[in-house]
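Working notes, structure below.
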Amino acid sequence: ASAAIGVTGLGVMGRNLARNFARHGYPVAVHNRTPARTRALIEEYGSEGDLVGAETAAAFVAALERPRRIMIMVQAGAATDAVIDEFVPLLEPGDIVIDGGNAHFADTRRREAALRAKGLHFVGVGVSGGEEGALHGPSIMPGGSAESYAVLGPMFEDISAKVGGEPCATHVGADGAGHFVKMVHNGIEYADMQLIAEAYDLLRQVGGYAPAEIADIFREWNTGRLGSYLIEITADVLAHVDAATGAPFVDVVADAAGQKGTGRWTVQTALDLASPVTAIAQATFARAASGRRELRAAYAGLPGGTTPPLSATEADRFASRVEHALYASKVIAYDQGWTMIQDAAAEYGWKIDLGAVARIWRGGCIIRASFLDRIRAAYRADPDLVSLLAEKEFAREIADAQVPWRETVASAARRGIPVPAFSAALSHYDTLRADRLPAALLQGQRDYFGAHTYGRTDREGAFHTHWSTEGRPETQS
Ligand code: NBP
């Protein structure tokens, strides 16, 4: 019994995480439902480190030092429950079961409570960075008890991505907090990708730029405040030419976006928490709408806006406006994600260091960007920051973006180009900064048809107006 950790489930993620642990000097026991995969891993990569193959669950458990650390890397849902049920009877109090799959945080909360009742630690871990990240350094978001992090933390920090010498791993919070922030990471990723896609569409349709020229614009933006992995790969995708047709690659790809579900989970959860993550929601709905072939056929050919094409100088100016709009919208989308994490922390009693979340997303994951340094610094200066826009540098940048941001959204509306995420971000900003919202009228409507009562600006209490007997004084209930 000498393995520091065991990995069960040797798909692409499990295999690469096991190799990553082994390459960092940890003896690793490996196990898979189908033993052929275990043998293949040992044969191919056994020389990389101390990898011990186990063909049965009992042999796997016996290979681990105590407290045992078992990392499950199988399909989320029923498969994860099946594996937990298989191993739990073989474990002893104090052992740690880790789920590194893409579990829904509510499942993680349920599993954590069930295993805690048996004296076991259950740690739901968000792992970002895909196959490459798993091998070379992912962003790691563990939930679970502080006690389990004391054991696992040094190992996770070791194998995680590093930025400026700092690990992209931290204890996020209790039970499902790790899987929750991983879910929000993916929601933010949806918004960021959609905003970039809308910027491309505007540059192409309004600015008149070709995909290769837009690749150059993105490359330039990548050297500034928008610099990020997503902007970098967008430039590569736009510069890519399809070998079969010689056309820009982006023109031969079917325009129906897929999704695996974490964006949808973010939006569903946001509704439960009353977190207004509108840019994330619009990005998720934009993917759904893109795939609705019949609906799109029914709308096809309906009139849109028109404006004359831009001159070259105007196009240049337009591109710089789009940069402002993209940046401002991005700040809003990230702010929405952080609001949602704060809301969940309040709801579930998690103590989440909001700056540390930004820190561990600077490397290893899809939304990695220097921008996250700014968010980290903002929460470092004020851990109780209610919103990024309450920080003066972000507020100043958003102030500077006002004209170009609004002009960009207006150009899109005039030309009939869909910008759901840009518009949602701008409306979110205008909603939250407004002195008065038409929510007052909604309250009147609700009181009229449902006697739902309303609050008043001049007095405390709940009031109801007798709408059918106009003129009678309102009552306070
Ligand atoms: P998959 O999600 O494709 O799962 C394959 C593994 O699950 C195999 O080891 C398979 O065993 C095992 N498995 C299944 Br399926 N059902 C099982 C059951 N009932 N009992 C025992 N084992 C079972 O692998 P992956 O792509 O490596 O992903 C692993 C986890 O990591 C998933 O939850 C995924 O969502 C998450 N994740 C993936 C990525 C990514 O980029 N792929 C990124 C981050 C997180 P077998 O060999 O016997 O069939």
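Values in this text are rule-based calculations from the coordinates and carry no lab data. No experiment lies behind these values; they were computed from the predicted model shown. Note: ideal-geometry Cβ built from the backbone for every residue, glycine included; neighbour counts use all protein chains shown.
Just name one of 298, 408, 163: the one whose Cα is farthest towards the positive end of the charge dipole of the chain (beta-carbon charges, Lys/Arg +1, Asp/Glu -1).
About the Cα centre, the residue reaching furthest to the positive side is 298.
So how strong a dipole does segment 262-355 carry about its Cα centre when Lys and Arg Cβ are +1 and Asp and Glu Cβ are -1, to the nearest 20 debye?
380 debye
Run the dipole for segment 73-224 about the Cα centre, Lys and Arg Cβ at +1, Asp and Glu Cβ at -1, nothing else charged, and hand back the magnitude in debye, nearest 20.
300 debye
What is the ratio of the Cα radius of gyration of segment 182-433 to 2.2 N^0.38 Å, with N the residue count, to two decimals?
Relative to the 2.2 N^0.38 Å estimate, segment 182-433 comes out at 1.01.
So what's the angle, to the nearest 10 degrees on a 0 to 90 scale, between helix 229-239 and the longest Cα principal axis of the chain?
Around 70 degrees separate the two axes.
Where does helix 278-290 land angle-wise versus the long Cα axis of the chain, in degrees 0 to 90, nearest 10?
90 degrees
In 10 Å bins starting at 0, how do the alpha-carbon pair distances of segment 58-165 split up by percent?
Computed distribution, short to long bins: 14, 47, 33, 5, 0.
With both bridge residues required to lie in the chain, what share of the DSSP beta bridges run antiparallel, to the nearest 5%?
So the antiparallel bridges amount to about 35 percent of the total.
With +1 on each Lys and Arg Cβ and -1 on each Asp and Glu Cβ, how big is the dipole of the chain about its Cα centre, in debye rounded to the nearest 20?
Dipole size: approximately 440 debye.
Share of Cα-Cα pairs in the chain beyond 27 Å, in percent?
Every Cα pair in the chain considered, those over 27 Å come to 61 percent.
Per DSSP helix of 4 or more residues, -39500 (n - 2.57); summed, then divided by the residues of the chain. What does that give at 222 nm, rounded to the nearest 500?
-17500 deg cm²/dmol
So for the chain, averaging the separation of alpha carbon pairs under 8 Å that are six or more residues apart and normalising by length, what relative contact order in percent results?
12 percent
Using 25 Å as the Cα-Cα cut-off, could you pick out the over-long pairs in 162/260; 182/260; 182/330?
Beyond 25 Å: 162/260.
Which one of 87, 366, 38 has its Cα pushed farthest toward the positive end of the charge dipole of the chain, where Lys and Arg give +1 and Asp and Glu give -1 at the Cβ?
Farthest towards the positive pole: 87.
Have a look at 154, 56, 247 and report the one farthest towards the positive end of the charge dipole of the chain, computed about the Cα centre with Cβ charges (Lys/Arg +1, Asp/Glu -1).
56
Could you state the angle between the C-alpha long axis of helix 35-45 and the longest principal axis of the C-alpha atoms of the chain, as a value from 0 to 90 degrees rounded to the nearest 10?
90 degrees
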